[in-house]
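Beneath this line is the structure, given in structure tokens, with notes to follow.
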Amino acid sequence: MALAPAHWRLWARFPAPSRALGLALLEALEEPAPFALLERAEGPDGDRIAALFLDPPDLDAIRTRMTIGLAEMPGAAEGMELALEEVAAEDWVRRAQEGLPPVRVGRVVLHGSHDRRSWPANLRPFEVEAGEAFGTGHHETTRLCLAALQAPGASPRRILDLGCGSGVLALAAARLFPARALATDNDPLATAVARENARKAGLGPHIRVLTAEGLAHPLIRAGAPYDLILANILARPLLRLAPGLAACLARAGRLVLSGLLTTQEREIRARYRAHGLIVTRADREGEWSALTLSRPRRPHPSAPDLAP
Ligand SMILES: C[S@@+](CC[C@H](N)C(=O)[O-])C[C@H]1O[C@@H](n2cnc3c(N)ncnc32)[C@H](O)[C@@H]1O
């Protein structure tokens with residue numbers, strides 16, 4: 001997919017007594033299912049909910065389904081408001097050409113080719129051009145992952161960056177640690193960009209780049225177990241990939257999950273707990289979240305999460 005893809009936003013407003021039912025009906029939509037629901041209070045006349053879709057939803061079909069679902073509550077269907085808008089894809093090429101400012105997270109500095117300069121010796125600067133890929137470091141989820149991967153702990157030697165986009169996280173990890181990284185994406189445009197960024201950074205020998213859907217490539221399994229796995233993709237694929245990611249993580253390894261909204265954390269925590277992983281750190285910015293997970297020292301079904 002184009003890496004800052006276009007998506008569709010369905011705005012919904014329900015009369016107050018039917019709001020919870022309206023939300024549940026939106027959550028239950030299928031084909032396409034929303035990848036996120038954002039509850040946003042707007043003024044005294046009611047709350048608007050935004051349901052985000054990667055594929056264009058059929059507004060008339062949704063209206064019919066919602067009307068049927070709300071029929072049991074008098075006045076609910078009549079008071080419902082629905083509106084659909086397309087959110088344009090982010091033009092990363094144009095933004096890069098406009099000269100994005102450098103991004104610093106901890107010791108890592110990301111900058112474009114328009115901003116080469118000398119940086120203090122304690123920093124780890126590198127150039128990243130996103131091209132058509134996602135990952136200039138200007139998105140909250142990328143920054144949250146960059147912070148999480150610099151958390152104190154053992155230095156990882158084997159790293160998997162799943163959903164690498166421009167390769168920004170694998171590049172940062174390879175700059176920070178004496179490690180080998182495998183960077184994968186299901187978008188061949190992204191892997192071409194990541195490969196080029198690794199070459200330009202002189203990190204080609206340390207980063208292998210593969211085009212693969214999820215974990216479905218023999219070299220991903222062959223490289224396991226990983227001491228550090230970074231997966232900044234959406235909540236739905238993260239839920240689907242839980243058993244595979246848990247199986248690929250080294251005993252004392254760290255798994256950083258992002259691309260999820262704070263409202264989606266609970267479901268992610270529960271799914272990964274079922275595969276033996278607990279949350280040891282949570283980084284949040286605005287509505288976005290990055291969770292770091294590990295195996296509890298003494299595995300116990302009721303081991304508590306260590307980060308709220
Ligand atoms: C939000 S971008 C993250 C890019 C970069 N890692 C960063 O942190 O800035 C998500 C990337 O995951 C890729 N992706 C999404 N679903 C995937 C899947 N099932 N398998 C592999 N890659 C996937 C997308 O193509 C996209 O490049």
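For a quick protection proxy, order the peptides 268-280, 223-235 by their average other-Cβ count within 10 Å, most packed first. Walk me through the numbers on the way to the answer.
Numbers: 268-280: 18.2, 223-235: 22.4.
Listed from highest to lowest mean packing, they are 223-235, 268-280.
What number comes out for the charge environment of residue 212, summing +1 per Lys or Arg and -1 per Asp or Glu over other residues with Cβ under 15 Å away?
Details: positive: 195, 208, 221, 240; negative: 161, 185, 187, 213.
Every neighbour counted, the sum reads 0.
In nanometres, what is the gap between the two model label sites at residue 87 and residue 28, each 7 Å from Cα along Cα-to-Cβ?
2.6
Kindly put 145, 248, 164 in sequence by how many other C-beta atoms sit within 10 Å of each C-beta, fewest to most.
On the way: 145 29, 248 21, 164 33.
Final ranking by Cβ density, sparse to dense: 248, 145, 164.
Please report, in Å, the Rg and the Dmax of the stretch 140-294, where both are computed over Cα atoms only.
14.0, 41
Using a 7 Å offset from Cα along Cα-Cβ at residue 21, what residues in the stretch 46-86 end up with backbone N under 11 Å from the label point?
Taking a point 7 Å out along Cα→Cβ of residue 21, the residues of the stretch 46-86 whose backbone N falls under 11 Å are 67-78.
Test of understanding: what is the full-extension gain from residue 217 to residue 307, defined as 0.36 nm times their sequence separation minus their Cα-Cα distance?
Details: separation 90, 0.36 × 90 = 32.40 nm, distance 3.25 nm.
Contour length minus the Cα-Cα distance gives 29.2 nm.
How large are Rg and Dmax for the chain when calculated on the C-alpha trace, in angstrom?
Looking at the chain, its Cα Rg and Dmax stand at 20.9, 67 Å.
Using the basic label-point model (7 angstrom from Cα toward the beta carbon), what is the residue 151 to residue 247 distance in nanometres?
2.5
For the stretch 126-218, what class follows from the C-alpha gyration tensor (a ≥ b ≥ c being the square roots of its eigenvalues): rounded when a/c is under 1.5, otherwise prolate if a/b is larger than b/c, else oblate?
Numbers: a/c = 1.36, a/b = 1.20, b/c = 1.14.
Rounded is the answer for the stretch 126-218, as its axis ratio a/c remains below 1.5.
For the chain, what is the mean residue ellipticity at 222 nm derived from helices alone (per DSSP H run of n ≥ 4: -39500 (n - 2.57); sum divided by total residues; nearest 500 deg cm²/dmol)?
Working: 11 runs with 91 residues, N = 308.
The helix-only estimate for the chain comes to -8000 deg cm²/dmol at 222 nm.
So, in nm, how far is label residue 199 from label residue 267 when the simple model puts each one 7 Å beyond its Cα toward the Cβ?
Reported label-point gap for residue 199 and residue 267 is 4.0 nm.
None of the figures in this text is laboratory data; all of them are computed from the coordinates on show. Computed from a prediction, not measured in an experiment: that's the story for all the values here. Cβ coordinates were reconstructed from backbone atoms using ideal geometry, including for glycine residues, and neighbour counts include every protein chain displayed.
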